[in-house]
Amino acid sequence: DICGEAQLKSGIGLEPACLALLKEMNQQVGGFYEYGLYDECVYSNPFSSMPPASLASQRLKRYGAAPGYTRWRALAEDVDTVKRGDSGEKAETHEQMNIMATDTPGVKGALNDYTCGTAGALFKWVDLPEVRAALHVPVNSNWFCADNGVGFVYQTTEKNLMPFYIDVVQGKYAKFGIRVLVYNGDTDPSINSLAAQNWTSALGLTVTQPWRAWTSDNCRRMGGYVTTYGNFAFLTIRGAGHMVPEYKPVAASAFMRAWLLDEEFSPFNASCTVPPPTATLAPRHHVAALGSQFSDSNTLHEENTRSDFVQ
């Protein structure tokens, strides 16, 4: 094979012939955002899949070692620069890239029902003196945006967590009554919902409620789909990319509320014409621990009044 699987995953050791094929593939595919397939914030995403060729190598320098799929994409896009060395063109700074952005600010409908430019806004926000003070961050510290950058080395300690989830639901941990929710935006090309659906269904758990639609308004506004296996559920969010609360805040709030209150995810009602009033979140459960770890999807675990979020 011209492009080996290990090289494609790591982005290391790619031969010129492979880089040329990847460049051709990227050109055919066109532009898309790795974390939101239908995202329309073309010019203001911090990890855009199709930056100008002159920015490809600079992005690697700026962000360190990006994820494998991003790294080989950048290298393939900049294959001519790789061959001839640095092009000598002036690299745009993060601030300049945001100024150059031509995305229309404000909330959009259809494909983009959220505001563009949040990355630039975040950098401005964390630079505010009062924010740094609240976060106990030194005023002279330097913020940067990176994903698996230089020095960020994550070592996998468990190759396969599927046996653990089986134990939680019907094995040695079942007596604790731990509830598990695995959720995934269905337009996330990076950590895609089909892969999550495959591994959750492959657990072999007993289906207590088959795959069905759920809504964000207890009427007909589609939230996505859910399959329930006793204390374990797999749920997708329609139209959401990787950052589910950012892409679909209403749907995210709806399923989170239902899960925290141990309620049924609102079913689709074809005869409904007017959504019922929305109830408020009762203070029955408390989110106590907030941690982060990379996995194939977003997972929520609940045991009594404790909830842990793992991403």
Quick one: accessible area per residue over the stretch 156-269, 1.4 Å probe, rounded to a whole number of Å²?
-> 48 Å²
So, with a 1.4 angstrom probe, what is the percent of accessible area on the stretch 114-208 that is carbon and sulfur?
-> 60 percent
So, by mean Cβ neighbours within 10 angstrom, what's the order for 1-7, 14-20 with the highest one leading?
-> 14-20, 1-7
Going by the alpha-carbon gyration tensor, a ≥ b ≥ c the square roots of its eigenvalues, is the stretch 164-211 rounded (a/c under 1.5) or, if a/c is not under 1.5, prolate (a/b greater than b/c) versus oblate?
-> prolate
Excluding ligands and nucleic acids, what accessible area in Å² is computed for LEU128 using a 1.4 Å probe, to the nearest 10?
-> 70 Å²
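The values are calculated or read from the model by the stated rules, or taken from the named source; none is laboratory data. All values derive from a computational prediction rather than experimental measurement. Quick reminder, even Gly has a Cβ in these numbers, built from the backbone with ideal geometry, and neighbours come from all protein chains shown. Note: accessible area is taken over every heavy atom of the protein model, side chains too, but ligands, DNA and RNA are not part of it. Shrake-Rupley method; radii C 1.70, N 1.55, O 1.52, S 1.80 Å.
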